[in-house]
Structures are given as structure tokens and as C-alpha cells.
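Trainee: Pasting a structure below so you can have a look.
Taken together, the values in this text are just the output of simple stated rules run on the coordinates, not laboratory data. Because the structure is predicted, anything quoted here is derived from the model rather than measured. Here the Cβ is made from the backbone with ideal geometry for all residues, glycine too, and neighbour counts use every protein chain on show.
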Amino acid sequence: MEITKETQHKAIAALRQCAKENENKPADTGAVRVSDLCRDVADIKAKRLADCELSVRTINICAANDIDTLGDLCKLHRTDWLKFRNGGKKSLFELDDLLHNHGLDWAGPEQGARD
């Protein structure tokens, strides 16, 4: 699933509006701050792939291509994975599941692929 720039801008605007509305509310009301969401996403993206439950083959492919964290993986387009030596559909599906379980996704073609 790819997210368009327009959808991203709408989501950011909605988050900013929500943050503005909840800015002065006490923390126990369940208000979510944008800074907290950004910190959570940053923490998720900083997670090392070696600490995830991945096959040895997938971890080795990542290591050989300097992909150390979920954030590094998110910078790739799905088709980039298939260009790596030994990167096939089985490991691609394994990574699809990993990203999905962490609420992340591959980069879209408009963001450009890694060199």
C-alpha cells in the first residue's frame, strides 16, 4: 500500500489539529501528543533487524547490503529487495510481514529507491 503525498499532508494536518486541540489537556484524558507519536515511530524505526525474528538468510542479505534497522528497510522499495543477491519472494514476504507488524511500509516509488 503506497501513500500519496496528498494523503501524507492530510494526515500531518490532522495530527497537528489534534495536537493543537489537546495541547492544554491534562495527560490523564488520553490526549496523544504529536511529539510522542514521532518518538514512538523513531523508536520503532531504530529497532535492529538482528533483534527481529527473521530467517538467517534474510538477516545475511540485510547485512550484506548495509540494512541494519527497520528504518533502513523502510527506505527501500519492494522491488529493490528482489535486486539483491539471494533476495527472493520468500524473504520479501517475510519482510512484508515484519514491516506490517510494526505499522511500517516500504518506500513508494515517488520517494526513490536506494542506489
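Trainee: Under 5 Å between amide H atoms, partner at least 5 residues away or on a different chain: which partners does THR69 have, H built in plane at 1.01 Å?
Mentor: Excluding prolines and chain starts, which carry no amide H, the hits are LEU49.
Trainee: Still on this structure: About the Cα centre of region 49-108, what is the dipole size in debye to 20, counting +1 per Lys and Arg Cβ and -1 per Asp and Glu Cβ, all else neutral?
Mentor: Values: 7 positive and 10 negative charges, 75 e Å.
Charge dipole, region 49-108, about its Cα centre: 360 debye, nearest 20.
Trainee: What's the extension gain from ALA63 to ASP105 if we count 0.36 nm per residue and subtract their Cα-Cα distance?
Mentor: 13.2 nm
Trainee: With the Cα gyration tensor of region 49-108 giving a ≥ b ≥ c as the square roots of its eigenvalues, does the rule (a/c under 1.5 for rounded; else a/b larger than b/c for prolate; else oblate) give rounded, prolate or oblate?
Mentor: rounded
Trainee: Can you tell me, using C-alpha contacts under 8 Å and at least 6 residues apart, the relative contact order of region 49-108 as a whole percent?
Mentor: 36
Trainee: Same structure again: Would you please give the FRET efficiency between PHE93 and ALA46, computed as 1/(1 + (r/R0)^6) with r the Cβ-Cβ distance and R0 = 22 Å, to the nearest 0.05?
Mentor: Given R0 = 22 Å and the Cβ-Cβ separation, E is 0.40.
Trainee: While we're on this one: Taking R0 as 22 Å, what FRET efficiency do you get between SER55 and LYS75 from their Cβ-Cβ distance, rounded to the nearest 0.05?
Mentor: Once the sixth-power term is evaluated, E becomes 0.55.
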